[in-house]
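Report on one structure; see the data block that follows.
Please treat every number below as a calculation from the coordinates, not as lab data. Everything quoted here is computed from the prediction, not taken from an experiment. Cβ sites come from the backbone with ideal geometry, for glycine too, and all protein chains shown count toward neighbours.
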Ligand SMILES: NC(=O)c1ccc[n+]([C@@H]2O[C@H](COP(=O)([O-])OP(=O)(O)OC[C@H]3O[C@@H](n4cnc5c(N)ncnc54)[C@H](OP(=O)(O)O)[C@@H]3O)[C@@H](O)[C@H]2O)c1
């Protein structure tokens with residue numbers, strides 16, 4: 001894109017220029033699918049702009065001049081972030097700052113995504129949006145810095161903090177455990193970390209609903225944190241059991257016979273994970289004017305996609 005795109009107010013309402021970052025990721029690709037086909041939607045992958053390069057990011061933003069930015073890109077390698085602190089900070093803190101400052105200057109709306117990993121995982125009740133943050137690992141610290149930069153920018157929009165993002169076709173716990181369940185009779189999963197698995201498809205649709213409200217209502221709350229996760233709670237063990245049951249119910253045979261519970265201490269990893277990832281979503285429910293679906297409903301939808309995709313692949317082979 002060589003020339004700066006300029007749109008009238010009418011164009012903004014009718015045909016906004018929408019930038020989605022992280023197009024190869026779980027959420028970025030779901031946002032691309034959920035975007036209104038009448039919009040001019042530009043999806044950036046790493047090959048379009050390296051978000052760790054602030055100069056390239058600023059230049060491309062000026063060229064594109066989006067009215068709406070959905071920042072789904074992130075450095076999400078939680079364990080590797082312990083070693084690659086500078087890179088995690090560049091992508092998760094510096095790039096959101098550049099995007100948010102640009103949005104504030106230009107009047108663009110921004111939805112930025114964040115994580116339950118900004119909280120310290122203590123207690124047994126859901127975190128509210130105004131809870132103190134105290135990340136346990138480098139990834140969480142980099143995301144917390146990004147959240148603060150976005151909040152400080154003065155841009156209009158929201159920081160959506162979500163948890164345990166998955167999609168049937170993404171690289172995530174859900175698809176990994178199901179792949180293993182096809183090969184092995186016995187699996188082991190952590191049972192003492194509690195949260196809500198969030199399907200990328202639901203988060204993308206929810207983002208679009210929020211965006212519609214923001215665009216329609218100039219009084220919509222200024223940039224603030226909003227928890228966005230399904231209702232209910234489970235452990236990684238409970239998530240795995242439900243995924244396996246739903247994929248079987250969708251007709252795909254699996255080898256797994258038993259899923260054993262283990263504790264976090266039995267699965268050592270470089271980054272410490274929070275035990276309590278429950279997010280209070282009362283605010284989201286009120287803003288959307290409806291109840292939030294249970295996490296199992298979303299697992300069922302993704303399980304069907306997983307089963308159908310694998311059945312179709314095997315028929316081709
Ligand atoms: N996954 C989770 O369990 C989880 C939980 C809570 C919150 N979140 C948050 O939810 C959001 C979406 O996560 P996700 O699961 O969709 O992540 P994902 O699947 O790992 O996708 C991350 C995206 O960011 C891109 N990216 C990374 N570094 C980049 C760089 N230097 N330049 C340009 N693009 C870069 C990746 O590109 P490549 O494909 O080229 O690497 C990929 O497209 C993130 O803000 C994440 O922090 C995720």
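Annotations for the structure displayed:
- For 51, 254, order by how many other beta-carbon atoms lie within 10 Å, fewest first: 254, 51
- Footprinting exposure proxy for 112, 310 (fewest neighbouring C-beta atoms within 10 Å first): 310, 112
- Value of relative contact order over the chain, rounded to a whole percent, pairs C-alpha under 8 Å and six or more apart: 19 percent
- Between helix 295-316 and the chain: long-axis angle, C-alpha atoms, 0 to 90°, nearest 10: 80 degrees
- Considering the stretch 141-200 at the alpha-carbon level, its Rg and Dmax are found to be 16.5, 53 Å.
- Cα principal axis extents for the chain, largest first, Å: 59, 46, 39
- Taking only the Cα atoms of the stretch 176-317, the radius of gyration and Dmax are 18.0, 55 Å.
- Using the average count of surrounding beta-carbon atoms within 10 Å as a protection proxy, the listed peptides 53-65, 114-126 rank, highest first, as 114-126, 53-65.
- Taking the longest Cα principal axis of the chain as reference, the axis of helix 200-216 is set at about 30 degrees.
- Estimated D of the stretch 9-119 in µm² per second, where Rh is the Kirkwood radius over Cα pairs and Stokes-Einstein applies at 20 °C, 1.002 mPa s: 149 µm²/s
- The chain, helix-only ellipticity at 222 nm - DSSP H runs n ≥ 4, -39,500 (n - 2.57), divided by all residues, nearest 500: -12500 deg cm²/dmol
- For the chain, DSSP calls about 5 percent of its internal beta bridges antiparallel.
- For the stretch 294-311 versus the stretch 20-99, the inter-centroid distance based on Cα atoms is 27 Å.
- Whether the stretch 255-301 is rounded, prolate or oblate, judged on the alpha carbon gyration tensor where a/c under 1.5 counts as rounded: oblate
- Crossing angle, helix 173-183 versus the chain [Cα axis fit, 0-90 degrees, rounded to tens]: 30 degrees
- The mean sequence separation of alpha-carbon pairs under 8 Å and at least six residues apart, normalised by the residue count of the stretch 174-303, gives a relative contact order of 45 percent.
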